[in-house]
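Read through the structure below, which is laid out as structure tokens, and then see the notes.
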Amino acid sequence: MAQDHPDSVDQVLAEITGLWSGATSNRRSPFHTPIVCTIKESSPSPRIMVLRSASEDGMRFRFHTDARSPKTAEIGTEGPVAVLGYDPDLRIQLTVRGIGRINQQGPHAETAWEGSALSSRRCYLAAHPPGTPVTAPISGLPDHLLDRSPTEIESQDGRMNFAVLLVEAQELEWLKLTSCGNKRALFRRDGDQWAGQWITP
């Protein structure tokens, strides 16, 4: 449970890491679907994504994406990424700043694909890349999959379009809104440790 007046930055760090790691399995958590922001031709490029995993130390985050999407080119093998979430009940905003990497092959991508539900794999069976101009609103999915999930065999056609976005966090930020004055803390990564300090809201 969040407190209005945390006693220490260590307590805040524990809350940050607990909220992120807990959100991966709690679909009702606002942090389960944060805003992920990349850079597109020097401009911010935000979108909501599903948080698939977050390490308990708050240093690594994983999302799934279509390998054909513009953000995979924006990030590539290494690119700046920010992740932003807000819980209106707790009145807590969490920000992650780090380095993103797109993996389409290798153990991270393969494990993530094997662990994906068939209903989720359907997203990667669209005939055209995300962002392709069309003349009318369409889902992009094959007609025969509009009202059902693919079978295991059918889903395999989407594997070539599946990738994972891995984010190595470099900074964690916590903002708590209260009626008696907001509180804010910033943590910077130093190797495998976090160095935290209070900052002005």
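How big is the dipole moment of the chain about its Cα centre under a simple scheme where the beta carbon of each Lys and Arg is +1, that of each Asp and Glu is -1, and everything else is neutral? Debye, nearest 20, please. Can you show the working numbers first?
Working: 21 positive and 24 negative charges, 80 e Å.
Charge dipole of the chain: 380 debye, to the nearest 20.
Of the labelled figures (1) 76, 37, 31; (2) 68, 48, 36; (3) 56, 33, 32, only one reflects Cα extents along the principal axes in Å as derived from the coordinates, namely (3).
Put a dot 7 Å past the Cα of T33, heading toward its Cβ, do the same for Q170, and the two dots end up 3.0 nm apart.
If I model a spin label at S45 and T132 as a point 7 Å from the Cα along the Cα→Cβ vector, what separation in nanometres do I get? About 1.8 nm separates the two model spin labels.
Annotation: per residue accessible area for region 9-99 equals 49 Å², rounded to a whole number [probe 1.4 Å, protein chains only].
Based on protein heavy atoms only, region 133-195 ends up with 57 Å² per residue of surface accessible to a 1.4 Å probe. Once you sort the root eigenvalues of the Cα gyration tensor of region 151-199 as a ≥ b ≥ c, which label holds: rounded (a/c under 1.5), prolate (a/b larger than b/c) or oblate (the other case)? It comes out oblate by the Cα gyration axes. When only Cα pairs below 8 angstrom with a gap of at least 6 residues are kept, the chain shows a relative contact order of 22 percent. Place a point 7 Å from the Cα of E56 along the Cα-to-Cβ direction; which residues of region 23-38 have their backbone N under 16 Å from it? Of the residues in region 23-38, 23-25 have backbone N under 16 Å from the label point off E56. Would you work out which of G158, S69, A185 lies farthest towards the positive end of the dipole of region 68-201? Charges go on Cβ: Lys and Arg +1, Asp and Glu -1. Sorting the options by dipole projection puts first A185.
Using a 1.4 Å probe on the protein chains only, how many percent of the accessible area of the chain belongs to carbon and sulfur? Spell out each step's value before the answer.
Numbers: 5740 of 11070 Å².
On the chain, the fraction of accessible area on carbon and sulfur atoms equals 52 percent.
Taking only Cα atoms, what is the 0 to 90° angle, nearest 10, from helix 9-23's long axis to the longest principal axis of the chain? Once rounded, one gets 20 degrees. Taking amide H positions as placed 1.01 Å from N in the peptide plane, with prolines and chain starts having none, which residues 5 or more places from H64, or on another chain, fall under 5 Å of its amide H? Placed amide hydrogens put V50, R52, L165 under 5 Å from H64.
The values are calculated or read from the model by the stated rules, or taken from the named source; none is laboratory data. Quantities reported herein were computed from a predicted structural model and do not represent experimental measurements. Note that we place each Cβ from the backbone using ideal geometry, even for glycine, and neighbour counts take in every protein chain shown. Each accessible area value is taken on the protein alone, full model and side chains, heavy atoms only, with ligands, DNA and RNA left out. Shrake-Rupley method; radii C 1.70, N 1.55, O 1.52, S 1.80 Å.
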